[in-house]
Amino acid sequence: MNPNLPATYPRRILLAVTGLSPQIVTETLHALAIGNDTPFIPTEIHLITTAEGADRARLALLSDRLGWFHRLRRDYALPEIAFDVDHIHILRAPSGALMHDIRSPADNLVCADFITEKVRELSADPGAALHVSIAGGRKTMGFFLGYALSLFGRPQDRLSHVLVSEPFENTWDFFYPTPYENIIETSGKKLVDARDARLSLAEIPFVSLRHGLPTALLDGSARFEETVGAARAALGPAHLELDLRARSVRAAGREFRLPPAELAMLAVFARRAAGGGDALPAPNKEIPDPAWAQRYLNELRTIVGPMGDTSSAEHALRGGMDGSYFSSRLSKLRSRLQRELGPVAGPYLIEDGKRKPHRYRLGLPAEAITLVHSDASLS
């Protein structure tokens, strides 16, 4: 598979938004598969539309009488393409009812979330190349679809708008240039031959922000505002906020919880950096370090509160913290942060100085760190 040649991918997906003009599907399919120097023949097609748009697509493209999608395949001997009513995804209003139009701010938010999640889902398959068309539907639908591809798109994915020559544009009876005579009436009441139509595909470059999104967003469901917030935070200056009593972390536009043991280790270094303290050496592997045990237990007690149970940690660290305990907690903290923050975890990871003897620190400046509900002493 070559990202520069999307047609080499085994799964090739055409994703489009449509409103009252299902012709967008056949026009784009024709431009991709027949009118393209490097044909891209989808293995499946997905539509995102409203309830009325779904009815029009079903009747005009898939019905026995009209069935312009099936006609196009027969006319140009295209291979099997998975496209049926199950591939038509209908927007739903906040109440759960099928959406007939996009009119309110709430409708826009639902539309944005729906489109964002569909693009995330379809782009999650590394064996798939996604071609996204923004030619149909309301302008907001096209905007959200293009933005979603910027958030989740990969090198093999493409974004385009299909252009139809005059006088065929906005003509209900025109679905694609037929290879035979097909006389239709234009919106201006003129008779023309559909085989004379010309389609062109305007490919739209997009900037991919996928590399800056946390793994949790790539793997789980994605809401538009949350995903945009994560992308903005990834591109902006780093800031870390720890709410120890709530056991929560805010970083790179994400809010998540950490287990007390890992949060206590992060809090040690965050407090040290916030107070302008120097980097810390790790505890000796063979000789437990009482000072390290004390600073770690101070944070752990703040996190669990006066009613919390710290007996296990108190027992393990009764003689001090050794290098093995330190390495284990630091490794688990690193894994959790990388899981939650993905490629933008770097500024929030504990650095080891890159040379021996290692000295550990959180590299953020003091003004980029906020500790909430924290009353453990600086140490």
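The values are calculated or read from the model by the stated rules, or taken from the named source; none is laboratory data. What you are looking at is a predicted structure, and each value in this text was computed from that prediction instead of being measured. Counting neighbours? That spans all protein chains shown, and the Cβs are built from the backbone with ideal geometry, glycine included. Accessible surface areas use protein heavy atoms only, side chains included; no ligands, DNA or RNA. Shrake-Rupley method; radii C 1.70, N 1.55, O 1.52, S 1.80 Å.
A few remarks follow.
- Residue selected from the stretch 136-183 under the condition of a type in the set (A, V, I, L, M) and over 21 Å from ASN36 (Cβ atoms), by the criterion most open to solvent (accessible area, probe 1.4 Å): ILE183
- Among the candidates THR140, THR50, the residue that is more than 25 Å from ALA197 (Cα to Cα) and in contact with a Leu (Cβ under 7 Å, 6 or more places away or on another chain) is uniquely THR50.
- As a summary of the residue check, PRO365 satisfies the conditions (1) in contact with a helix residue (DSSP H, G or I) (Cβ under 8 Å, 6 or more places away or on another chain); (2) within 18 Å of ARG257 (Cβ to Cβ) except for the one numbered (2).
- Yes/no for ALA291 being touching a Gly at 6+ places or on another chain (Cβ under 7 Å) and farther than 30 Å from ARG232 by Cβ: no
- Residue that is within 30 Å of GLU226 (Cβ to Cβ), in contact with a Pro (Cβ under 7 Å, 6 or more places away or on another chain) and open to solvent by 10 Å² or more (accessible area, probe 1.4 Å), where the choices are GLY346, GLY342, GLY305, GLY319: GLY342
- LEU217 being at pLDDT 75 or above and surrounded by 14 or more Cβ atoms within 10 Å (Cβ to Cβ): no
- The residues in the stretch 231-245 that are closer than 17 Å to ARG336 by Cα and either modelled with pLDDT under 70 or surrounded by fewer than 18 Cβ atoms within 10 Å (Cβ to Cβ) (or both) can be counted, and the count is 1.
- The set of residues in the stretch 312-349 being within 20 Å of PRO288 (Cβ to Cβ) and either free of Cβ contacts under 8 Å to residues at least 12 places away in the same chain or outside any helix (DSSP H, G or I) (or both) consists of SER312, HIS315, ALA316, LEU317, ARG318, GLY319, GLY320, MET321, ASP322, SER328, SER331.
- Annotation note: of ALA197, ALA264, the sole residue that is over 30 Å from ARG73 (Cβ atoms), more than 30 Å from the chain's Cα centre (by Cα) and at pLDDT 90 or above is ALA264.
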